[in-house]
Amino acid sequence: MIDFEKFAAYSKPGPRYTSYPTAVEFHNNFSSKEYIENLQLSDEKYAHIPLSIYVHLPFCRSACYFCGCNVVYTSKEDKKTRYIEYFKKELALLADKTNTKREVVQFHFGGGTPTFFNAAELQEVIESIRAVFPNFSPNAEISCEIDPRHFTQDQMQVLHDGGFNRLSFGVQDFNPKVQEAVHRHQSPELVQKAVELARKFGIDSINFDLIYGLPFQNLESFRQTLDTVLELSPERLAIFNYAHVPWMKKTMRKIDESTLPSPQEKLQILKQSIEVLGSAGYEMIGMDHFAKKTDELYRAKIQKQLRRNFQGYTTKGFSQTIGIGLTSISEGVEYYAQNYKDMAMYEKAIDNGILPTERGIKLTQEDRLRKSVIMELMNTLSLDFSHAQQEFGIHFSDYFARELALLTPYQEAGLIEISNNAITTTQTGGMLIRNIAMCFDAYLQDTTQQKRFSKTI
């Protein structure tokens, strides 16, 4: 059983660890030149590692006030045509600098609103990708984020023909008052039609994104949302804690903070969600995902093959991510690289025949060691010391003596167990895995850094 009262006592700002080092450590000294060097090094040293392709389609017709993504708000159709032109130019630059014939095991459309692009435009992007990256695994996970408000049969046909086998629907909350407050109106009937359309084309892995902590949410209203979700029966759910960071995201300033549920109310909503979904046969995955036992995500958890990255949890083990498009992030064994967030700068770089890399980081051996530890914690909610010892040639308890000491309060509180060779979490401790991972984060030794993150609860 999860002790939610004990859980609540540990709330503090901290990273979600979709990367390590986290994106706040990326710097502008890592440019296109450094990215190309690392791409080519990866082709030499890590050619056996398959590829994951992430494509960012950044446009949205209007702002959802809760959104923390990097988006461009527009209703102008010509902007999409122009973006595709530059996207294809970026692909050509990539093909010239790295081996794009390596196996692709994952391909993801994110945004923005990928379905803001019409069927013909989506087809053009898919064909462009497959022309440059021709070696897709027969078992590749090919997924797209869907806005149910902008989703047609023609688009679904294109996705089906392009090999897409997983869709993620942005739902957040079904309550009309909540939707009004966050500027995102979509009825249960609309979402139902979108799900039925996906099922018609054979999609058997559907995810819903929900958010708790939004304006006007309460225990009763969110229970109604959960009941509607269960009727629609997605295979997976991601239930995120709303991170209210108006100092970072201007659209969040439109939210009246007095309408946000209290930390206690948020905790009750989370508790209820875990209980309701558990009773309905969903298993908790990591700290914020749920899946049916028939879903690949659950199987990956059982087989300890989960991996966490900027797309959340993946089932395909570690793969080198090639990020394409505005603000996309790439990940290799020894680096992260991020494209420009500003469209003009993105286009300027490509016009100059340069990959549009704005910033990134080259990982040191120390970074790689700590990344290995933190990601194992995030993926398995436990840590086997032998893994780091074998890969990095250290004696774990000696090397991380300071970090293990920092974990003493969690151990004394009965949240974790520390043996000579492992850290294991209790159910309550697993809910605090971000806090536990933070003890191994070298960059957080400067406590001022913590203020840059949302709270862990």
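The values are calculated or read from the model by the stated rules, or taken from the named source; none is laboratory data. Please read these numbers as outputs of a predicted model, since none were measured by experiment. All Cβ positions, even for glycine, are placed from backbone atoms using ideal geometry, and neighbour counts span all protein chains on display.
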Could you tell me which residue of the stretch 135-173 is farthest from the chain's Cα centre (by Cα), considering only residues that are surrounded by 17 or more Cβ atoms within 10 Å (Cβ to Cβ) and among the small types (Gly, Ala, Ser)?
-> 162
Test result for residue 28, of a type outside the set (A, V, I, L, M) and either in contact with a helix residue (DSSP H, G or I) (Cβ under 9 Å, 6 or more places away or on another chain) or closer than 25 Å to residue 317 by Cα (or both) = no
Considering residues of the stretch 95-105 that are crowded, with 18+ Cβ neighbours inside 10 Å and not polar (S, T, N, Q) only, the residue nearest to residue 42 (Cα to Cα) | 102
How many residues does the stretch 276-308 contain that are crowded, with 22+ Cβ neighbours inside 10 Å and of a type in the set (Gly, Ala, Ser)?
-> 1
Selection within the stretch 22-44 - buried (at least 20 other Cβ atoms within 10 Å of the Cβ) and under 24 Å from residue 70 (Cα atoms) | 22, 30, 32, 35
Cβ-Cβ below 8 Å, separation at least six or inter-chain, first residue in the stretch 48-61 and farther than 21 Å from residue 147 by Cβ, second part of a strand (DSSP E or B) and small (Gly, Ala, Ser): which pairs?
-> 50/137
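In this structure, is residue 438 surrounded by 17 or more Cβ atoms within 10 Å (Cβ to Cβ), modelled with pLDDT under 95, within 20 Å of the chain's Cα centre (by Cα) and of a type in the set (A, V, I, L, M)? Show your work before the answer.
Values: surrounded by 17 or more Cβ atoms within 10 Å (Cβ to Cβ): yes; modelled with pLDDT under 95: no; within 20 Å of the chain's Cα centre (by Cα): yes; of a type in the set (A, V, I, L, M): yes.
No; evaluated as a whole, the condition is false for this residue.
Can you pull out the helices (runs of 4 or more DSSP H) entirely within the stretch 1-119 that have at least 3 residues that are assigned by TED's automatic domain parsing to the domain that holds residue 438 and not hydroxyl-bearing (Ser, Thr, Tyr)? Reasoning before the result, please.
Working: elements: 4-8, 32-45, 78-97.
In the stretch 1-119, the matching helices (runs of 4 or more DSSP H) lie at 4-8.
Among the residues that make up the stretch 122-136, is at least one of them among the aromatic types (Phe, Trp, Tyr), out of contact with any strand residue (DSSP E or B) (no Cβ under 6 Å at 6 or more places or on another chain) and part of a loop (DSSP other than H, G, I, E, B)?
Here is the first cut: in the stretch 122-136, the ones among the aromatic types (Phe, Trp, Tyr) are 133, 136.
Adding the requirement that they be out of contact with any strand residue (DSSP E or B) (no Cβ under 6 Å at 6 or more places or on another chain) leaves none.
Scanning the stretch 122-136, I find no residue that is among the aromatic types (Phe, Trp, Tyr), out of contact with any strand residue (DSSP E or B) (no Cβ under 6 Å at 6 or more places or on another chain) and part of a loop (DSSP other than H, G, I, E, B), so the answer is no.
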Residue 75: surrounded by fewer than 19 Cβ atoms within 10 Å (Cβ to Cβ) and modelled with pLDDT under 95, yes or no?
-> yes
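Residues are listed down the side, and each one gets a yes or a no for (1) under 21 Å from residue 203 (Cα atoms); (2) without any contact (Cβ under 8 Å) to a residue 24 or more places away in the chain; (3) within 14 Å of the chain's Cα centre (by Cα); (4) not assigned by TED's automatic domain parsing to the domain that holds residue 382:
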{"residue": "286", "(1), (2), (3), (4)": "no, no, yes, yes"}
{"residue": "294", "(1), (2), (3), (4)": "yes, no, no, yes"}
{"residue": "299", "(1), (2), (3), (4)": "yes, yes, no, yes"}
{"residue": "303", "(1), (2), (3), (4)": "no, yes, no, yes"}
{"residue": "307", "(1), (2), (3), (4)": "no, no, yes, yes"}
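For the stretch 415-428, which residues satisfy the criterion of being without any contact (Cβ under 8 Å) to a residue 40 or more places away in the chain and either within 28 Å of the chain's Cα centre (by Cα) or loosely packed, with under 14 Cβ neighbours inside 10 Å (or both)?
Taking the stretch 415-428 as the starting set, the residues that turn out to be without any contact (Cβ under 8 Å) to a residue 40 or more places away in the chain are 416-421, 426.
Matches in the stretch 415-428: 416, 419, 420, 421, 426.
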So, first residue more than 18 Å from residue 341 (Cβ to Cβ) in the stretch 71-90, second residue modelled with pLDDT of 95 or more and polar (S, T, N, Q), Cβ within less than 7 Å, six or more apart or across chains; the pairs are 88/128
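Can you name the residue in the stretch 239-283 that is without any contact (Cβ under 8 Å) to a residue 12 or more places away in the chain and of a type outside the set (D, E, K, R) and is also nearest to residue 66 (Cα to Cα) among such residues? If you could, list the steps in order and put the result at the bottom.
From the stretch 239-283, those without any contact (Cβ under 8 Å) to a residue 12 or more places away in the chain are 246-247, 250, 253, 258, 262, 275, 278-279; that's our starting set.
So of that shortlist, the ones also of a type outside the set (D, E, K, R) come out as 246-247, 258, 262, 278-279.
Working: 246: 10, 247: 13, 258: 15, 262: 16, 278: 27, 279: 29 Å.
So, considering only residues that are without any contact (Cβ under 8 Å) to a residue 12 or more places away in the chain and of a type outside the set (D, E, K, R), the one nearest to residue 66 (Cα to Cα) is 246.
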Of a type outside the set (Phe, Trp, Tyr), more than 30 Å from residue 186 (Cβ to Cβ) and surrounded by 19 or more Cβ atoms within 10 Å (Cβ to Cβ) - does that describe any residue in the stretch 126-134?
-> no
Is it the case that some residue within the stretch 378-401 is modelled with pLDDT under 95, surrounded by 20 or more Cβ atoms within 10 Å (Cβ to Cβ), in the same structural domain as residue 442 (by TED's automatic domain parsing) and among the aliphatic types (A, V, I, L, M)?
-> yes
Which residues, counting only those in the stretch 406-422, are closer than 25 Å to residue 271 by Cα and part of a strand (DSSP E or B)?
-> 416, 417
Every residue from the stretch 356-377 that is among the β-branched types (Val, Ile, Thr) and surrounded by 18 or more Cβ atoms within 10 Å (Cβ to Cβ) = 357, 361, 373, 374
Yes/no for residue 178 being more than 16 Å from residue 292 (Cβ to Cβ) and assigned by TED's automatic domain parsing to the domain that holds residue 267 = yes
